[in-house]
Amino acid sequence: MTDPMQPENWPAWATEAVEIAPANPNWDAQAQEEIRQLKRLLQQFNIHQFEHIGSTSIPGLPAKPIIDFDGRGTVMGRHGSDCGSAESVGLELRSA
């Protein structure tokens, strides 16, 4: 049994160096474009509502240059292996 509290068992993103970038006025436009793509890629999973969240969603705020989203919908009878279309374009899906 692996201990999730041990650093060697953490996902890569949990130990990556953090970069804070100056506020970028293009983050919202980038997020809206990615939302359009997400809706197309994830429609088969009935995930249809997306919101740009996190520090890049706050105009004028320096932030990690990673655009985060909250996606909502009803996903029943699906497993992580079914999410290949999102992963193929570099997205990492996490459930709440």
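The distance between label points at Ile53 and Ala17 comes to 2.9 nm (points 7 Å beyond Cα on the Cα→Cβ vector).
Surface composition of region 1-40: carbon plus sulfur atoms hold 55% of the accessible area, using a 1.4 angstrom probe and ignoring ligands, DNA and RNA. If R0 is 22 Å, the Cβ-Cβ spacing of Asp68 and Glu33 corresponds to a FRET efficiency of close to 0.90.
What does the accessible area per residue of region 1-59 come to in Å², with a 1.4 Å probe and no ligands, DNA or RNA counted?
Value for region 1-59: 77 Å² per residue.
Taking all protein chains together, Leu42, Leu61 sort by accessible area into Leu61, Leu42, largest first [probe 1.4 Å].
In a DSSP loop and with at most 14 other Cβ atoms within 10 Å, there are no chymotrypsin sites (Phe, Trp or Tyr not before Pro) in region 1-69.
The values are calculated or read from the model by the stated rules, or taken from the named source; none is laboratory data. The structure presented is a predicted model; accordingly, all values stated were derived computationally and were not measured. As a convention, Cβ positions derive from the backbone with ideal geometry for all residues, glycine included, and neighbour counts pool all protein chains shown. These area figures cover heavy atoms from the full protein model, side chains too; ligands, DNA and RNA do not enter into them. Shrake-Rupley method; radii C 1.70, N 1.55, O 1.52, S 1.80 Å.
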